[in-house]
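Worksheet: the structure to be examined is printed underneath.
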Amino acid sequence: MRSCILFLAACTLIVSCGNPSGLQPAFYTNVEYTVSLYALTRTPVSLPSAYSITGRQQVRTEQGSPFDFAFDIDSTGAAVLLPTGPLKLGQQSGIQISVQDYDSIKFAPTTGYNVDSAQVVHENSVVLAVTRATPCQSSIGFAAPFYAKLHVLAIDTTSAPNGRRIDFVIINDVNCGYRGLEKGLPKQ
């Protein structure tokens, strides 16, 4: 019986004959979280204004924590999500508005992400996000981006103590090489 072996770059990955993708089995369960982010401008720096897909958490940008997109309100009063490019942090992440309903998105697309400008969002917007390619812990020499989908629940542009905020639900797939965006263990 012939063994199935896939050579990628300078690495050898053993691939079972029934797994043509060569991916390690998914380990992390996709969970839906509710998240609130506060505007980068004119809100206290103690409030989180950015989100890390890989870390599955809100972060404060001034602490130097890595993140994939941030929230702000632009000069016209529109709510915007910003990948790292327009924040002068390099094109390490991307976002795109989806025309599909949140629940109907099963897999993240691999192209079409905006990496260098702010994206206006509204209540009920559905947004897809992608990280830069990240080295996989289980496969030496293999790197892949991580993906997420989010559904904007509410946007508050007032200056009240809890205002200038966006609330959304999000599902992240942090299994290296996977693009599944449904709750549960992702499929290849």
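The values are calculated or read from the model by the stated rules, or taken from the named source; none is laboratory data. Predicted model only: the values in this text are computed from it and were never measured. Cβ: placed from backbone, ideal geometry, glycine included. Neighbour counts: every protein chain shown.
Structural remarks
- One residue from Asp116, Asp101 being over 19 Å from Leu37 (Cα atoms) and either β-branched (Val, Ile, Thr) or in contact with a Pro (Cβ under 9 Å, 6 or more places away or on another chain) (or both): Asp116
- Answer residue from the range 159-175, given it is surrounded by fewer than 20 Cβ atoms within 10 Å (Cβ to Cβ) and in contact with a strand residue (DSSP E or B) (Cβ under 9 Å, 6 or more places away or on another chain) and is modelled with the lowest pLDDT among those: Asn162
- Only a single criterion out of (1) of a type in the set (A, V, I, L, M); (2) closer than 18 Å to Thr54 by Cα; (3) touching a residue at least 24 places away in the same chain (Cβ under 8 Å) is not satisfied by Ala133, namely (3).
- Count of residues meeting criterion [hydrophobic (A, V, I, L, M, F, W, C), touching a residue at least 60 places away in the same chain (Cβ under 8 Å) and not in a loop (DSSP other than H, G, I, E, B)] in the range 82-112: 1
- Only listed residue being modelled with pLDDT under 95, farther than 17 Å from Leu40 by Cβ, of a type in the set (A, V, I, L, M) and surrounded by 14 or more Cβ atoms within 10 Å (Cβ to Cβ), chosen from Leu89, Leu153, Leu185: Leu185
- Checked against (1) crowded, with 23+ Cβ neighbours inside 10 Å; (2) in a strand (DSSP E or B); (3) not hydroxyl-bearing (Ser, Thr, Tyr), Gln58 passes all but condition (1).
For every residue, the table says whether it meets (1) farther than 19 Å from His151 by Cα; (2) among the β-branched types (Val, Ile, Thr); (3) touching a strand residue (DSSP E or B) at 6+ places or on another chain (Cβ under 9 Å).
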site	(1), (2), (3)
Lys88	yes, no, no
Gly94	no, no, yes
Asp101	no, no, yes
Ala108	no, no, yes
Gly112	no, no, yes
Asp116	yes, no, yes
Glu123	no, no, yes
Thr131	no, yes, yes
Thr134	yes, yes, yes
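- Residue count for the range 19-53, restricted to those that are in contact with a Ser or Thr (Cβ under 6 Å, 6 or more places away or on another chain) and either within 20 Å of Pro83 (Cα to Cα) or surrounded by fewer than 17 Cβ atoms within 10 Å (Cβ to Cβ) (or both): 6
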